[in-house]
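For reference, the structure discussed in these notes is given below.
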Amino acid sequence: MERMICAAEAAEVLGGRFGARPGIETVSVPGRVNLIGEHIDYHELAVLPMAVPRAIHIAYRPAAGGVLRAVSGDGYDEIELRVDADLAPGPAGDWGNYVKAAVLATRSRWAIERGIEAAVVSDLPPAAGLSSSSALLTGFTLALLRANGIEAGFEELMSVLPEGEHFVGTRGGGMDHAAVLACRAGAALLVEFAPVVATPVSVPGGWEFLVAHSLVMAEKSGAVREQYNSRRAAGTAGLRKLGFQTFREALAGGGGDELTARARSGLRGEELLCFLHVTSEAARVREAVAALKAADMAAFGRLLDASHASLRDQLRISTPEVDALVEAARKAGAVGARLTGAGFGGCAVILCRRGERAEVKERLRRGHYARLSGFDPVSHLIDAEPSAGALLA
Ligand code: GLA
């Protein structure tokens, strides 16, 4: 229902700005929350995200002469460019970069001639670790393709989108694009890489996920970028020092104590910590999928907690604010909680027992958030019902 209303709002903004001519189409792309498997997708290890019931909505209409013009309902600057132009990134954080990235991603595989007039509205909080940036890139890519009469499938889109996002500067993996495209309602998505395979795993009835914001913005294209990229580089450097080409190769023998011992004797400092995060998180994803399939909520909760400890102590991408939120969630009755997304602020994902989510929220509101300024219950506490991705909505 919410999605319908928002897509219609995007169409209104489009008509208001560019004229109420017919031919308006819409595309809606949800955000995602990563349940587990953090900072390992770029090492081609499996992850387990889920789409959330918040989305960016783009209304668009083909435009003559290869011109792309876009406005946002949130009052960001209007964008105008040619879809066949040489495109260079603008300042970090500029939303136009994602639109340019979409043009380049599209052109890397398809010949497009038509531009679009487009308007974007969103109820997905930005810079929260919920993939608003990948949703924007994915939405503009789908709009451009469809305006040019091209209906691309999941694998084709996955062959251009993660690479396309590197234009914006974060050397991320493909988790976000896979999730926002291919999640099914009622399910998390096990995403494996090289080749990319997305398998829905049903979320048992009565598991209630909550996404809570730390109130620290995590703008991936801004200061977080260097930090994010450095974790990837350290993990890869450690891997190579141990004589492996890929983490999959390193884990082929089952990982476990032997690999950990080898890492401890061969690596130091940042490289050791990042390497150990990656290998332990890969194991947690496997166990989490088994726990989900067995509807073992306690085991899943323990894995969330263990993942958070590793992100905090080994990968060092948490912040005191996120740690405090995770702690508060557990005290408020959560079965498990952890930082989700790129880190350095953003959100926590919190697992609650059937019927207890409202209570956990209320306790967080009256306790944790009462001490903080700038809290808004609508954007900062989201009931994360497993939702459908853009290709299935
Ligand atoms: C960001 C990236 C993803 C992934 C996460 C961390 O969201 O876009 O590819 O690396 O961080 O798990």
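Just to check, using Stokes-Einstein with a Kirkwood Rh over alpha carbon pairs, what's the diffusion coefficient of region 247-356 at 20 °C and 1.002 mPa s in µm²/s?
Working: Rh = 14.8 Å.
Rounded to a whole number, D works out at 144 µm²/s.
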Viscosity 1.567 mPa s, 4 °C: Kirkwood-radius Stokes-Einstein D of region 192-309 over Cα pairs, µm²/s: 78 µm²/s
- line: To the nearest 20 debye, the chain has a Cα-centred charge dipole, built from +1 on Lys and Arg Cβ and -1 on Asp and Glu Cβ, of 640 debye
- prompt: Applying the Karplus parametrisation 6.51 cos²θ - 1.76 cosθ + 1.60 with θ = phi - 60° to the phi angles of region 319-330, what ³J(HN,Hα) value in whole Hz is obtained for each residue in order, glycine and proline being reported as x?
  reply: 9, x, 5, 5, 4, 5, 5, 4, 4, 5, 5, 5
- prompt: What nm distance separates the two modelled labels at Arg21 and Asp257, each placed 7 Å from Cα along Cα→Cβ?
  reply: 7.1 nm
message: Need one number: nm distance between label points at Ala185 and Ala283, each 7 Å from Cα along Cα→Cβ, rounded to one decimal.
response: 3.9 nm
field: Radius of gyration, Dmax [the chain; alpha carbons; angstrom]
entry: 20.6, 68
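If you take the beta carbon distance between Glu385 and Glu249 as r and set R0 to 30 Å, what does 1/(1 + (r/R0)^6) give as a FRET efficiency, to the nearest 0.05?
Working: r = 38 Å, r/R0 = 1.26.
Here the calculated transfer efficiency is 0.20.
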query: When the accessible area of region 178-333 is split by element with a 1.4 Å probe, what percent falls to carbon and sulfur?
result: 53 percent
- prompt: Given the rule -39500 (n - 2.57) for each run of at least 4 DSSP H residues, summed and divided by the residues of the chain, what is its mean residue ellipticity at 222 nm, to the nearest 500 deg cm²/dmol?
  reply: -13000 deg cm²/dmol
query: Quick one: Karplus J couplings for region 347-353, per residue in order, coefficients 6.51, -1.76, 1.60, θ = phi - 60°, nearest Hz, x for Gly and Pro?
result: 10, 10, 9, 10, 9, 10, 6
- request: Answer rounded, prolate or oblate for region 1-101, using the Cα gyration tensor with square roots of eigenvalues a ≥ b ≥ c: rounded when a/c is under 1.5, else prolate when a/b is larger than b/c, else oblate.
  value: oblate
- prompt: Rounded, prolate or oblate: which fits region 54-93 when a ≥ b ≥ c are the square roots of the eigenvalues of the alpha-carbon gyration tensor, with rounded for a/c under 1.5 and prolate only if a/b beats b/c?
  reply: oblate
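Please work out the average accessible area per residue across the chain, using the 1.4 Å probe convention, and give it in Å².
Values: 15370 Å² over 393 residues.
Solvent-accessible surface per residue comes out at 39 Å².
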message: What do you get for the angle between helix 96-107 and the principal long axis of the chain? Use alpha-carbon atoms, 0 to 90 degrees, nearest ten.
response: 80 degrees
- request: Go ahead and run the numbers for FRET between Ser230 and Glu321, Cβ-Cβ distance against an R0 of 22 Å, rounding to 0.05.
  value: 0.60
message: Need one word for region 132-224: rounded, prolate or oblate. Basis is the Cα gyration tensor (sqrt eigenvalues a ≥ b ≥ c); a/c below 1.5 gives rounded, then a/b vs b/c decides.
response: oblate
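Under unit Cβ charges (Lys, Arg +1; Asp, Glu -1), what dipole magnitude, rounded to 20 debye, does region 317-393 have relative to its Cα centre? Let's see the in-between values first.
Values: 11 positive and 9 negative charges, 54 e Å.
With only Lys, Arg, Asp and Glu charged at Cβ, the dipole is about 260 debye.
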task: Quick one: compute the contact order of the chain, relative version, from alpha carbon pairs under 8 angstrom and 6+ residues apart, as a percent.
output: 23 percent
field: Segment Glu44-Arg268, extension gain: residue separation times 0.36 nm, minus the distance between their alpha carbons
entry: 78.3 nm
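For region 22-165, report the translational diffusion coefficient in µm²/s to the nearest whole number, using Stokes-Einstein at 4 °C, 1.567 mPa s, and a Kirkwood Rh over Cα pairs. Before the final figure, lay out each step's value.
Working: Rh = 15.6 Å.
D = 83 µm²/s.
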task: Report the full-extension gain for the segment Val378 to Lys293: residue separation times 0.36 nm, less the Cα-Cα distance, to one decimal in nm.
output: 27.5 nm
- prompt: Based on the Cβ-Cβ distance from Ser108 to Glu362, what FRET efficiency comes out when R0 is 35 Å, to the nearest 0.05?
  reply: 0.15
- prompt: What residue among Ala85, Ala194, Ser159 has its Cα farthest toward the positive end of the dipole of the chain, where the charges are +1 on Lys, Arg and -1 on Asp, Glu, each on the Cβ?
  reply: Ala194
- request: Using label points projected 7 Å from each Cα along Cα→Cβ, tell me how many nm separate Ala64 and Arg240, to one decimal.
  value: 5.3 nm
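The values are calculated or read from the model by the stated rules, or taken from the named source; none is laboratory data. As the structure is a prediction and not an experimental result, all values here were calculated from the model. Virtual Cβ from ideal backbone geometry, glycine too; neighbours counted across all protein chains shown. These area figures cover heavy atoms from the full protein model, side chains too; ligands, DNA and RNA do not enter into them. Shrake-Rupley method; radii C 1.70, N 1.55, O 1.52, S 1.80 Å.
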